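**Student:** After the structure tokens below, expect a handful of questions from me.
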Amino acid sequence: MQPFEYHSPRSLPEALRLLQELGDGARLIAGGTDLLLRMKQGQLAPRALIDLRRAAELHGISFSPEEGLRIGAAVTLRELQRSPLVRDHCPCLCETASWMASEQVRSLATVGGNLCNASPAADLAPPLMVLDAQAVLVGPQGERRLPVEAFFLGPGQTALDRGELLKEVLVPPTPGNALYLKHAPRAFMDIAVVGVAVHLRMERGLARAVRIALGAVGPTPLRAGPSEALLEGSAPTASLLEEAADLAARACSPIDDLRGSAWYRRRMVRVLTRRALDRLCAASLVGEGT
Amino acid sequence: MKQVIHLTVNGDSHELYLDTRRTLLDVLRNELGLMGTHRSCDAGDCGACTVLLNDLPVTSCLVLAVACDGAQVLTVEGLRCGDGLHPVQQALVETGGIQCGFCTPGMVMSAVALLGEKRRPSEAEIRAALAGNLCRCTGYGKIIQAVQRAAGEAT
Ligand SMILES: Cc1cc2nc3c(=O)[nH]c(=O)nc-3n(C[C@H](O)[C@H](O)[C@H](O)COP(=O)(O)OP(=O)(O)OC[C@H]3O[C@@H](n4cnc5c(N)ncnc54)[C@H](O)[C@@H]3O)c2cc1C
């Protein structure tokens, strides 16, 4: 590692001021579970690190009936997994966190770091996308909000402008159900070969608010628009779900790498999309009291 | 570039003047001579360097020491139960949950963290809690039995 200055601002304004002052040579660090590895491997050599963990504004999880869940960027995966508020309002996020990395890494790794690292395989991305979450970005000009899916621009690239950081994520209240299925050789401690998240709710036998997001099968996590359009407002029959799963497999652009071939990934998108749709349709029908 | 930090390790407080690049693992082993915390993958994958940082299990190879200013750290050397071994260590000895022993301190710390949170974990919970600790001798079965025994659930 190259030498670097280390700063540990005690507030968000102080963090933003440092980011402005130190300029391009500086990097933000939260849990460090992605960043430190890249520094150890020599892929990154920042001149200064700005540690976000002591800025109180980036912590905490809260809920309001109007805005839904607010999850601070510096909330750890451990906190997310164990939060009673998240369990009540978005159990899918607790579940997703529980399958990420390990106990030790989850004590360090943050929600903000997972999104800002912008890996196409980041596990929190697909579930947050189908939950219609917004990213709150803050910079010298103030705050702005973006849908989480618009936050990712490419591998390692986000919509954050120079001088901006991710402050929190907002997840609106939803009457529907969401599910994230991660496919990896090992249950824990593995990066997704494919990840599929689905959200929907059943209203009088019809599927509503259908949202499907796919991870690790393109340069960014992506929505399967054609599948969503097919299912929205429909009565989901087995053949319709199969067609939607097929469309999802066609909507992605996976690559061959050491974790799997493009061909295999596409097949798994179809399998997992179908599986998630089956489970959610069944769960929602039960939930409807029919 | 260097900075001063204060760190409490196994109840002893230390003032340390450190290169910002040092990890918590470097400091435990090289500055404080606590060799029970092992270095292996140095990338958060193997869990051999697991310690409790403010009561939470972490891979100390992924933690910058300067980020720990004011923190409490517990390493395997700090586990004491009178003059004897900690119940998790004792159970590992009794079940034979140790082969080469390299992963053992990390396993012990993960198990201690788990039992601190849940007195009677299920087997699935034990497996999940130890998922970040690799045993290359593959002796997982007896390690899991040991944690069950330490939790008072041994059969
Ligand atoms: C052993 C191991 C297993 C893992 N398993 C998984 C897994 O199963 N699934 C998964 O998705 N990931 C996994 N990861 C990757 C990683 O742990 C996660 O992506 C984690 O959430 C990153 O968070 P962090 O706080 O550690 O990020 P950091 O490393 O601190 O930061 C990552 C990047 O985001 C930037 N950043 C951080 N916070 C902000 C912010 N608030 N605003 C702007 N920029 C910011 C940093 O500058 C950096 O570029 C694993 C990593 C390891 C080491």
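The values are calculated or read from the model by the stated rules, or taken from the named source; none is laboratory data. Everything numeric in this text was worked out from a predicted model, so none of it was measured. Here the Cβ positions follow ideal geometry from the backbone for every residue, glycine too, while neighbour counts run over all protein chains shown. For accessibility, only protein heavy atoms count, side chains too; no ligands or nucleic acids. Shrake-Rupley method; radii C 1.70, N 1.55, O 1.52, S 1.80 Å.
**Student:** Can you name the residue in the stretch A:45-58 that is more than 10 Å from chain B (Cβ to nearest Cβ) and crowded, with 16+ Cβ neighbours inside 10 Å and is also farthest from A:Gln2 (Cα to Cα) among such residues?
**Tutor:** A:Glu57
**Student:** Any residue that is open to solvent by 60 Å² or more (accessible area, probe 1.4 Å), out of contact with any helix residue (DSSP H, G or I) (no Cβ under 9 Å at 6 or more places or on another chain) and under 18 Å from B:Ala43 (Cβ atoms) - is there at least one of those in the stretch B:120-136?
**Tutor:** Among the residues of the stretch B:120-136, at least one is open to solvent by 60 Å² or more (accessible area, probe 1.4 Å), out of contact with any helix residue (DSSP H, G or I) (no Cβ under 9 Å at 6 or more places or on another chain) and under 18 Å from B:Ala43 (Cβ atoms), which makes the answer yes.
**Student:** Another question, if that's okay. State whether the residues of the stretch A:175-197 include one that is touching a residue at least 60 places away in the same chain (Cβ under 8 Å), away from the ligand (no atom under 14 Å from the Cβ) and open to solvent by 60 Å² or more (accessible area, probe 1.4 Å).
**Tutor:** Yes, there is a match, as at least one residue in the stretch A:175-197 is touching a residue at least 60 places away in the same chain (Cβ under 8 Å), away from the ligand (no atom under 14 Å from the Cβ) and open to solvent by 60 Å² or more (accessible area, probe 1.4 Å).
**Student:** Answer with yes or no whether A:Ala30 is within 25 Å of B:Gln3 (Cα to Cα), buried (at least 20 other Cβ atoms within 10 Å of the Cβ) and within 13 Å of chain B (Cβ to nearest Cβ).
**Tutor:** Spelling it out, A:Ala30 is indeed within 25 Å of B:Gln3 (Cα to Cα), buried (at least 20 other Cβ atoms within 10 Å of the Cβ) and within 13 Å of chain B (Cβ to nearest Cβ).
**Student:** Can you tell me which condition A:Gln141 does not meet? The list is (1) more than 11 Å from the ligand (Cβ to nearest atom); (2) within 14 Å of chain B (Cβ to nearest Cβ); (3) without any contact (Cβ under 8 Å) to a residue 24 or more places away in the chain, and all the others hold.
**Tutor:** All conditions pass for A:Gln141, except number (2).
**Student:** A follow-up question, please. I'm checking my understanding of the structure. Among residues of the stretch B:1-37 that are of a type in the set (A, V, I, L, M, F, W, C) and exposed (fewer than 14 other Cβ atoms within 10 Å of the Cβ), which one is nearest to B:Val58 (Cα to Cα)?
**Tutor:** Here the answer is B:Val4.
**Student:** Let me confirm something: among A:Val130, A:Val136, A:Val111, which residue is away from the ligand (no atom under 14 Å from the Cβ) and among the aliphatic types (A, V, I, L, M)?
**Tutor:** Matching residue, one of A:Val130, A:Val136, A:Val111: A:Val130.
Residues are listed down the side, and each one gets a yes or a no for (1) open to solvent by 10 Å² or more (accessible area, probe 1.4 Å); (2) within 14 Å of chain B (Cβ to nearest Cβ); (3) more than 11 Å from the ligand (Cβ to nearest atom); (4) basic (Lys, Arg):
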site: A:Ile61; (1), (2), (3), (4): yes, no, yes, no
site: A:Ile71; (1), (2), (3), (4): no, no, yes, no
site: A:Ala74; (1), (2), (3), (4): no, yes, no, no
site: A:Pro84; (1), (2), (3), (4): yes, no, yes, no
site: A:His89; (1), (2), (3), (4): yes, no, yes, no
site: A:Ala121; (1), (2), (3), (4): yes, no, no, no
